[in-house]
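Only one structure is covered here, and it is reproduced in the block below.
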Amino acid sequence: MGPIGVFDSGYGGLTVLKSIVDVLPKYDYLYLGDNARNPYGSRSFEVIYQYTKEAVDYLFSQGCELVILACNTASAKALRTIQQNDLHRWGPNKRVLGVIRPSVEYVIESSRTGVIGVLGTEGTVKSESYPLEISKFSLKRNMEVFQQACPMWVPLIENQSIHTSGAAFFVTKNVEELLQQSANIDTILLGCTHYPLIKPIIELNIPNYITVLSQGDLVAESLKSYLERHTWMDSQCSKNGVVSFLTTESSTLFDERATQFYGEQVNSQQIVLG
Ligand code: DGL
């Protein structure tokens, strides 16, 4: 038995972890932020795959049986290859899940017009994962997906510069670029786990008939349902209500900044990947 591993390139996955812990408080969790190598957003497939594989490998070596990639960029670029090429090497009972599939299932249900906007990193947008997955899971409906990459947002968030005029400029610019692509968008998915931190600033630029969705709650509900349906996995997850944190950056820096994302004080440990 071991904790549920939750991985992100940096702090963004803490927004997902927070929702998961609220919905499933009895489980143990081990969070890993690859802060020293963040952001992943504009990196190549090979690098994101390699970094993500190293992180998953580390979490499995710490006793995790299930790892959630709480990062869209890693889910978009590395998840499928890890599931196909690597998972079997870690053992038959290990699983890695991402955040794209649960988000897709939810947005398909929630949109009335069938026209979805996705805001994400360059990597997520260029991977076309959202349009591809939405068309795969919306067989009965004809849906349209418009995407906008927001390459400056993660660095601004990671560097605690979200309340600057520079941040406001880039948020307005990218949101306008998305809205200009279609007048029929009724649902915008924040397809990056960092973006919930600037949701109020994003919403200032969006007409209120458009619903803006963060992923934390969707992923948490989906994990709950996964564990109910896969009781063999549930029985491999330890349940003492302990949440631990690992980072590849300085733990002092991580602890200082993580509070903003997680909502409470954390005590992390620094590790080396690769
Ligand atoms: N939180 C990651 C995501 O959901 C951020 C990616 C990055 O490091 O740029 O895509």
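The values are calculated or read from the model by the stated rules, or taken from the named source; none is laboratory data. Here the structure is a predicted model, which is why all the values come from computation and not from measurement. Here Cβ is always computed from backbone atoms with ideal geometry, including for glycine, and neighbour counts include all displayed protein chains. All accessible areas refer to the heavy atoms of the entire protein, side chains included, with ligands and DNA or RNA removed. Shrake-Rupley method; radii C 1.70, N 1.55, O 1.52, S 1.80 Å.
Observations on the model:
- Note on region 232-274 and region 124-188: Cα centroid distance 28 Å, given to the nearest whole angstrom.
- Backbone HN-Hα couplings from phi across region 35-48 [Karplus 6.51/-1.76/1.60, Hz, Gly and Pro as x]: 4, 5, 10, 6, x, 8, x, 9, 7, 6, 3, 4, 5, 5
- ³J(HN,Hα), Karplus 6.51/-1.76/1.60, whole Hz, each residue of region 189-200, x for Gly, Pro: 9, 7, x, 8, 6, 7, 5, x, 4, 10, 3, x
- Every Cα-Cα pair in region 134-274 was counted, and those over 18 Å apart are 69% of them.
- Calculated P(r) tail over 18 Å for region 41-99, as whole % of Cα pairs: 24 percent
- A cut-off of 5 Å between modelled amide H atoms, ignoring neighbours fewer than 5 places along the same chain, links Ile188 with Gly117, Thr211, Val212, Leu213.
- For the residue pairs Lys53/Lys173; Lys53/Lys126; Lys140/Lys239; Lys18/Lys77, alpha carbon separations beyond 30 Å are given by Lys53/Lys173; Lys140/Lys239.
- For the chain, the longest principal axis of the C-alpha atoms and the axis of helix 165-179 are separated by about 70°.
- For Ser268, residues with placed amide H under 5 Å, excluding near neighbours: Asp255
- Whole-percent carbon and sulfur share, accessible surface of region 28-114, 1.4 Å: 45 percent
- What the Kirkwood sum gives for region 155-235 is a hydrodynamic radius of 14.7 Å, with every pair of different alpha carbons counted.
- Å³ per residue enclosed by the Cα convex hull of region 1-89: 88 Å³
- For the chain, averaging the sequence separation of C-alpha pairs within contact (under 8 Å, six or more residues apart) and dividing by the residue count gives a relative contact order of 28 percent.
- Once the Cα atoms are used to define both axes, helix 100-110 deviates from the longest principal axis of the chain by about 40 degrees.
- Ranked order, Leu156, Leu178 - accessible area, probe 1.4 Å, largest first: Leu156, Leu178
- Against the chain, whose longest principal axis comes from its Cα atoms, helix 13-23 is set at around 70 degrees.
- Entry note: region 20-175 has Rg to Rh equal to 0.99, where both radii use alpha-carbon atoms and Rh is the Kirkwood radius.
- Percent carbon-and-sulfur accessible area, region 119-262, ignoring ligands, DNA and RNA, probe 1.4 Å: 53 percent
- Helix-only [θ]222 nm of the chain, DSSP H runs n ≥ 4, -39500 (n - 2.57) each, per residue, nearest 500: -12500 deg cm²/dmol
- Alpha-carbon gyration tensor eigenvalues x 5, square-rooted, for the chain, Å: 28, 22, 17
- Sorted peptide list for 76-89, 4-17, criterion being average Cβ within 10 angstrom, highest first: 4-17, 76-89
- Surface per residue (accessible, 1.4 Å probe) for the chain, Å²: 43 Å²
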